[in-house]
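The structure appears below as structure tokens.
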């Protein structure tokens with residue numbers, strides 16, 4: 001593979017990775033911030049996070065030097081879902097306490 005193509009693929013993969021990990025971390029933190037009270041509701045949190053993942057990418061269409069890409073939006077949404085699942089799983093493990 002030519003170096004320019006290889007570099008382009010590496011840069012593109014890094015971009016998707018950044019979208020995925022950034023939104024994963026955001027969802028994980030929101031999940032943990034809800035705490036044991038469970039307020040606000042899961043539906044409210046998830047819809048807000050998913051809306052933000054879509055809105056933040058769509059908003060880039062209005063910025064001249066940026067572009068709105070469906071693949072980036074998909075990475076954002078996937079990051080939210082993975083982060084939320086990780087957060088709920090870790091929160092359950094933490095709430096159960098140490099295994100006896």
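With respect to the conditions (1) in contact with a helix residue (DSSP H, G or I) (Cβ under 6 Å, 6 or more places away or on another chain); (2) at pLDDT 95 or above, residue 26 lacks only one, and its number is (1). For residue 92, the criteria (1) without any contact (Cβ under 8 Å) to a residue 12 or more places away in the chain; (2) surrounded by 15 or more Cβ atoms within 10 Å (Cβ to Cβ) hold in every case but one, which is (2). Residue check: residue 82 meets all listed conditions (1) part of a helix (DSSP H, G or I); (2) modelled with pLDDT under 90 but one, namely (2).
Does region 36-72 hold any residues that are in a helix (DSSP H, G or I) and exposed (fewer than 10 other Cβ atoms within 10 Å of the Cβ), and which are they? Matches in region 36-72: 43, 62, 70. Number of residues in region 56-87 that are touching a helix residue (DSSP H, G or I) at 6+ places or on another chain (Cβ under 6 Å) and more than 17 Å from residue 19 (Cβ to Cβ): the value is 1. What are the residue pairs meeting all of these: first residue in region 24-52, first residue within 13 Å of residue 82 (Cβ to Cβ), second residue modelled with pLDDT under 85 and surrounded by 10 or more Cβ atoms within 10 Å (Cβ to Cβ), Cβ atoms under 9 Å, and 6 or more apart or on different chains? Going by the 9 Å Cβ cut-off, the qualifying pairs are 31/91.
The values are calculated or read from the model by the stated rules, or taken from the named source; none is laboratory data. Keep in mind that this is a model prediction, so the values were computed, not measured. We place every Cβ from the backbone using ideal geometry, glycine too, and count neighbours over all the protein chains shown.
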